[in-house]
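Each remark here refers to the structure printed beneath this line.
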Amino acid sequence: MPFAASAKVAALKGSKAHGDLHELLTIFSTGSLKAFNAFAAAKPAGLWATYALDKAACADSMRLLTLTSLAAEKPEVPYAEVAEALEVPLEAVEEWVVKAIAATLLDAKLDQQAGLLRVSRAAHRKFGPAEWAKLTAKLGTWKGSLAQILATVSAAKQAQVDQAVPPPAALRRQKS
């Protein structure tokens, strides 16, 4: 069950006192930095103190979560796209990628020449039917690839057996 759909979090939704907290939790669960900034701009400054939250630390966390979501969508992400999503200068992209890698949110390589983030693994903020379908497709592809490898190895092994030179007659007699 998704975090935002849990009974305790859902109970906050209708709460007059904690409705803002529900909205913030939903943004952290599935939203982007852009949604967080819109939320932060629309709420009074005292909201953060009410829940003992550091607004800047929350924004940094949202940058990491936004980067993770972006990296989970595609295997290569241009630096410019990362900078735009994180609302940082292009020069800060590598710093945020390193932070995400250090937090084990993603595994990736930075291609400075091409200006690309090459993603090998990214954590998913939600894992629903669409993600299961992608996983099933990937596993099917891997299964097919492994079957091809196995067939190639078997064929090579059989070719070696077929081409094997029988030992000289003298060696055959010694074994008998």
What's the number of the only condition in (1) loosely packed, with under 15 Cβ neighbours inside 10 Å; (2) out of contact with any helix residue (DSSP H, G or I) (no Cβ under 6 Å at 6 or more places or on another chain); (3) at negative phi that Glu23 fails to meet? (1)
State whether the residues of the range 35-52 include one that is modelled with pLDDT of 95 or more, part of a helix (DSSP H, G or I) and within 18 Å of Ala123 (Cα to Cα). no
Before we move on, is Ala42 within 18 Å of Ser69 (Cβ to Cβ) and surrounded by fewer than 14 Cβ atoms within 10 Å (Cβ to Cβ)? no
Return the only residue of Thr104, Thr152 being on the phi > 0 side of the Ramachandran plot and either aliphatic (A, V, I, L, M) or modelled with pLDDT under 95 (or both). Thr104
Per-region count, the range 115-168, residues assigned to a loop (DSSP other than H, G, I, E, B) and loosely packed, with under 10 Cβ neighbours inside 10 Å: 5
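The values are calculated or read from the model by the stated rules, or taken from the named source; none is laboratory data. Please read all numbers here as calculations on a predicted model, not as lab measurements. All Cβ positions, even for glycine, are placed from backbone atoms using ideal geometry, and neighbour counts span all protein chains on display.
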